Amino acid sequence: MLLLPGDGIGPEVTAQARRVLEAVAQSAELALEIEAGLIGGAAIDAQGAPLDDATVARARQCRGVLLGAVGGPKWDALPVESRPERGLLRIRRELGLYANLRPAVVFPALAEASTLRPEVVRDIDLLVVRELTGGIYFGEPRGRALVSGRREARNTMVYDEVEIARIAHVAFAAARRRGRSVTHVHKANVLEVSQLWVEVVNEVAREYEDVTLQHQLVDSCAMLLLSDPGRFDVIVTGNLFGDILSDEAAMLTGSLGMLPSASLGAGGVGLYEPVHGSAPDIAGQDIANPLAAILSVAMLFEHSFEQADCARRIHDAVTAVLDDGHRTRDLLPVEAASRALGSKAMTDRVLEKLGC
Ligand code: NAD
Ligand code: IPM
Ligand code: MN
């Protein structure tokens, strides 16, 4: 196991997640070795770059990497190629982690915490399958230039059929284990890239006749996530649309502080991280919601350690803590903030429910 806490609230939430990781591994009698490393702004400050080769090499040797978050105002003025976020993009790409699974589930006790009406959010149980190592994030050419005295910048959205087919297979296989429905989200009314996605996703769908497939334009998908989120089971989409829609899906469930993720690929190592960022506005105060990081540990047990029981136990413990009414600040209306638990106290409750 490699722990990469990163920046802002990253070190706070991963410290709490680590407590759960160690407690559950111990009670399941799993031998666990945890090493720590630097990524993001923390690595820039210590080493001059957001991720070094040695850390990538260590990650390759591990079954799982648990990451906090990267970035913050201190490094915002840096050009994109040397920002903290580059470290995260590099580790995803170097480890070949093309499949980013972002499950958005409404814990029953939190139906009231959503900004939408409880009857709209109650049925949410969806999985965003986001392509993570291609698209406009990585396409060439990219960069800035001075053209006829004007500043110009460009990025390129590019996917080939192999990249599309492999993420489509991940989505259809996941749907088979869930509600047997895939929604492919695209912008094929404008983009050639999306037209290729529609074609290739349709071809892959022929191998999964028991799964229904719909194609949905990304703008109307953003609307439907607010009006009728319960209709979605598995959403499959490219890197940029997936980034945006998964934050939207997170908020439906009550808070960005609740959503975990797993990034998987062809190799043996998986990367687990909360969907949220480094939240500089609340860093260093022990008030961040640690549950997205803790639920990322559950995903680590499920996907990298193949210990579905441990994953289930963590999920059940989180459900029970929320059922008991415990809340971090992000899950409460402003007027109730005084009864909020801090990150550590919330994790204490989870550990109690786990019996650890
Ligand atoms: P953010 O996700 O960090 O924060 C958005 C809002 O949600 C903030 O108000 C924050 O306080 C709140 N929030 C986020 N996580 C929370 C938690 N666990 N508990 C309670 N509240 C929480 O997004 P941002 O402010 O747009 O970005 C800040 C920095 O994080 C940027 O540098 C960005 O690039 C980076 N970022 C990193 C990752 C990552 O490392 N995976 C993801 C997203 C953003
Ligand atoms: C995420 C983040 C990252 C992304 C950034 C920090 C590079 O927003 O994991 O959702 O855009 O993928
Ligand atoms: Mn994001």
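The values are calculated or read from the model by the stated rules, or taken from the named source; none is laboratory data. No experiment lies behind these values; they were computed from the predicted model shown. Every residue, glycine among them, receives a Cβ derived from its backbone with ideal geometry; neighbour counts consider all protein chains shown. To get the accessible areas, we keep the full protein, side chains included, count just its heavy atoms, and leave off ligands, DNA and RNA. Shrake-Rupley method; radii C 1.70, N 1.55, O 1.52, S 1.80 Å.
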Some residue of the range 243-260 being in a strand (DSSP E or B), closer than 20 Å to Val121 by Cβ and not assigned by TED's automatic domain parsing to the domain that holds Ile164: yes
Single unsatisfied condition, Pro84 versus (1) closer than 28 Å to Asp233 by Cα; (2) within 16 Å of ligand 2 (Cβ to nearest atom); (3) touching a Pro at 6+ places or on another chain (Cβ under 7 Å): (1)
Strands (runs of 3 or more DSSP E) contained entirely in the range 102-212, each with at least 1 residues that are in contact with a Pro (Cβ under 7 Å, 6 or more places away or on another chain), over 30 Å from Asp330 (Cβ atoms) and open to solvent by 60 Å² or more (accessible area, probe 1.4 Å): 150-154
Tally, over the range 22-41, of residues that are under 19 Å from Val70 (Cβ atoms) and not in a strand (DSSP E or B): 5
Residues that are open to solvent by less than 10 Å² (accessible area, probe 1.4 Å) and either out of contact with any Ser or Thr (no Cβ under 7 Å at 6 or more places or on another chain) or not assigned by TED's automatic domain parsing to the domain that holds Glu273 (or both), drawn from the range 52-71: Thr55, Val56, Ala59, Val65, Leu67
Any hit, the range 307-326, residues being in contact (Cβ under 8 Å) with a residue 24 or more places away in the chain and in contact with a strand residue (DSSP E or B) (Cβ under 8 Å, 6 or more places away or on another chain): no
Candidate set from the range 253-274 (those that are more than 12 Å from the chain's Cα centre (by Cα) and surrounded by fewer than 24 Cβ atoms within 10 Å (Cβ to Cβ)); member that is modelled with the lowest pLDDT: Gly267
First in the range 212-223 and within 22 Å of Arg180 (Cβ to Cβ), second anywhere and open to solvent by less than 30 Å² (accessible area, probe 1.4 Å) and not in a helix (DSSP H, G or I), Cβ under 6 Å, 6 or more apart: Thr212/Ser181; Leu213/Val182; Gln214/Thr183; His215/His184; Gln216/Thr183; Gln216/Val185; Cys221/Val185
Any hit, the range 72-83, residues being surrounded by 14 or more Cβ atoms within 10 Å (Cβ to Cβ) and within 16 Å of ligand 3 (Cβ to nearest atom): yes
